2 protein chains.
Amino acid sequence: MAKELVFGHLNPDTDAIVAAIAYSQLQNQLGYETEAVALGEPNDETKFVLDYFDQETPRVIDKIGDQVQAVMLVDHNEAQQSVPDIDTVAVTHVVDHHRIANFKTTSPLFYHAEPVGCTSTILWKMYNENEVQIPQKIAGLMLSAIISDTLLLKSPTTTDDDRQAVQALADVANVDYQDYGLKMLKAGTNIAAKTAEDLIDADAKTFDMGGHNVRIAQVNVVDLAEALERQSEFEDAMKQSSQTNGYDLFLLAITNVLDSDTTMVVTGDNDLQTKVAKAFNHDIENSRLDLPGVVSRKKQIVPPLQQQF
Amino acid sequence: MAKELVFGHLNPDTDAIVAAIAYSQLQNQLGYETEAVALGEPNDETKFVLDYFDQETPRVIDKIGDQVQAVMLVDHNEAQQSVPDIDTVAVTHVVDHHRIANFKTTSPLFYHAEPVGCTSTILWKMYNENEVQIPQKIAGLMLSAIISDTLLLKSPTTTDDDRQAVQALADVANVDYQDYGLKMLKAGTNIAAKTAEDLIDADAKTFDMGGHNVRIAQVNVVDLAEALERQSEFEDAMKQSSQTNGYDLFLLAITNVLDSDTTMVVTGDNDLQTKVAKAFNHDIENSRLDLPGVVSRKKQIVPPLQQQF
């Protein structure tokens, strides 16, 4: 069997990078030859995680090129969230927890998706189903990914499976997940040191919504008011990026991970902005939309928008 | 939780009908409220199976209408192979063994696909993973589906998982699968009593290939020469159906299930016919293409066509 690359989405978050490492390790145990790679540099939170568990950073690639004929995707399936030349290779495996869209294959494949909070939760179940032991380091990485995606089990995307996985993985990794989790989340919210350009691009995904190119970025903070002092700086960067990349609409969700609230900054086409306001049944004032109780892009932001568009 | 319907593809074969019954039974054990239905009447082979294991025929539906808000798909995912108003409901679960195409959701879902010979093989694994016992009757049905899809484990789509599932299910069902399997396959090949219109529609699927509407039907026989005596009758029916339904190309694969050979009858646009000939590297003579060793539409017919288009 020829070697395959395993990777998560562009602008990788902790789950995108960790799930690639964990799935590659599992598949290699099951007889495949795989290498985990990443479609971007790890963010601050992920750097903290990789450092904490002494895990090497995966090689970063920006195209498949001639490297392999076949790949395995984790934590995404939509082509526009993947490597730009994804159409030149066969996708043989997908493990994901998102909706399915803009994804097609010519041949049957292995596809395992569940509506749980984190890809690493599905991988935890797959290790168990295949009776493969999870190494302590990998358990720590997977635990981190679930804490990251579920904001310490507080996001509405959290399921019983995620809670069980966190308990089990914390045991294997031998860490106090509450204490470790808070440190980890805070490590990812240090926005003061970053440029607006970096912040609006660090955890951003592009969606096709009713034929429109919609960019949705998310930034986690521990102080919403402090972050919003930079609103005009963010707006400038979002408009510039939209012009360069052809986005019709750019949304920046600034989420307080401690209080579980979000304020969304909105730039782009006026008609589309009206649709955004309708989708959330809130007025946009000063290019800003308050979304109390909203923390999940996937579960609380994308579906109402998709519905409206 | 509201009730959901579970169903396989249009023009149901044995796996499409049986997998719906087996998945519905599993999901009900796991706490869902589901009903297995079918998108068409069972064919002769499936009738033999349902009769043999004393299983009621599922209710046939031709639209979801106001019946349910959410559905579970088995043995297919492409919209054009599903109920016509599939877009009006949420797909919450898919269990399938085909390529993924023309499928999208607005929310995360449970999707379990594996490149094995039969959906019922995946369901057999899911029963085991969930530690739910398979009732004897359901085991007999699932066994029949695997025999049907793999032509008694002789199709190139057959995997080790299919072989293991057949052994295990034959034990639970308490049948000699070789003896039973031959009887079952023969029950599905009685073409003399059927009109050409029925035969070209009984196991037919529509594919979007490079923007063209391609219809591919398959008929299983035990005597290829006898079947080909009716070639002109088939061609007339295929041309008529193409005109009525807007197919650009209609292919009829007549497969000898005992010898594992196929002869394909080809009607439709001349340029597209040339592409078919190229895809299989064989000339079309007398509207006919011999495909020795070919038995699987999914693995041996669709991929080379998709490649060429």
If I model a spin label as a point 7 Å beyond the Cα along the Cα-Cβ vector, how far apart are those points for B:Val132 and B:Thr88 in nm? 2.8
What figure in square angstrom, to the nearest 10, would you give for the accessible area of A:Leu50 with a 1.4 Å probe? 10
Reachable lysines from A:Lys125, Cα under 18 Å, same-chain residues fewer than 8 places away excluded? A:Lys137, B:Lys125
What average count of beta carbons from other chains do you get within 10 Å of the Cβ of residues in A:89-102? 3
A/B buried area, accessible surface, summed, 1.4 Å probe, Å²: 2000
Counting only DSSP beta bridges with both residues in the range A:196-308, tell me the antiparallel percent, nearest 5. 70
Rounded to a whole %, the carbon-and-sulfur portion of the accessible area of the range A:149-274 at a 1.4 Å probe is 42
Taking 8 Å as the Cα distance limit and 6 or more residues as the minimum spacing, I'd like the relative contact order of the range A:83-129 as a percentage. 38
With contacts defined as alpha carbon pairs under 8 Å and 6 or more residues apart, what's the relative contact order of chain A in percent? 13
What does the accessible area of B:His282 come to, in Å² to the nearest 10, when a probe of 1.4 Å is used? 80
For the protein assembly as shown, go through all pairs of different Cα atoms, get the mean of 1/r, take its inverse, and jot down that Kirkwood value in Å. 26.0
Between copies, how far does the label point of B:Asp54 sit from its twins, in nm, shortest first, when each point is 7 Å from Cα along Cα→Cβ? 6.4
Expected integer from the mean partner chain Cβ neighbour count at 10 Å over B:109-118 is 5
Order A:Ile284, B:Ile64 by their accessible area, 1.4 angstrom probe, all chains in place, largest first. A:Ile284, B:Ile64
Where does helix B:160-173 land angle-wise versus the long Cα axis of chain B, in degrees 0 to 90, nearest 10? 60
Just to confirm a number: summing +1 for Lys and Arg and -1 for Asp and Glu over residues other than A:Gln67 whose beta-carbon lies under 11 angstrom from that of A:Gln67, what do you get? -1
Please give the helix A:177-187 orientation as an angle from the longest Cα principal axis of chain A, in degrees from 0 to 90, rounded to the nearest 10. 50
Leaving out ligands and nucleic acids, note down the accessible area per residue over chain A with a 1.4 angstrom probe, in whole Å². 41
Max mean-square fluctuation residue, GNM over chain A, Cα-Cα springs under 10 Å, options A:Asp87, A:Asp248, A:Asp66: A:Asp66
Go through B:Lys154/B:Lys298; B:Lys63/B:Lys194; A:Lys154/B:Lys104 and tell me which ones have a Cα-Cα distance over 21 Å in this structure. B:Lys63/B:Lys194; A:Lys154/B:Lys104
Rounded to the nearest 500, the 222 nm mean residue ellipticity computed for chain B from DSSP H runs (n ≥ 4, each -39500 (n - 2.57)) alone is -12000 deg cm²/dmol
Can you give me the Cα centroid spacing of the range B:72-117 and the range A:115-188 in angstrom? 28
Compute the label-point distances linking A:Gln164 to its equivalents in the other copies; points lie 7 Å from Cα along Cα→Cβ; give nm, one decimal, shortest first. 2.1
At a 1.4 Å probe radius, carbon and sulfur cover how many percent of the accessible area of the range B:38-131? 45
Are there GluC sites (Glu not before Pro) in the range A:36-138 that DSSP puts in a loop and that have at most 14 other Cβ atoms within 10 Å, and which ones? A:Glu56, A:Glu131
Over the range B:4-187, what is the relative contact order in whole percent, taking alpha-carbon pairs under 8 Å and six or more residues apart? 22
Pairing the Cα long axis of helix A:270-280 with the longest principal axis of chain A, what angle in degrees results, from 0 to 90 and rounded to the nearest 10? 70
Can you list, shortest first and in nm, the gaps between the label point of A:Ala277 and those of its counterparts in the other copies, using a point 7 Å from Cα in the C-beta direction? 6.3
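The values are calculated or read from the model by the stated rules, or taken from the named source; none is laboratory data. Owing to the predicted nature of the structure, the values given are computational and were not obtained by experimental measurement. Positions of Cβ are generated from backbone atoms using ideal geometry, with glycine treated the same way; all protein chains shown enter the neighbour counts. With ligands, DNA and RNA removed, areas are computed over all heavy atoms of the protein, side chains included. Shrake-Rupley method; radii C 1.70, N 1.55, O 1.52, S 1.80 Å.
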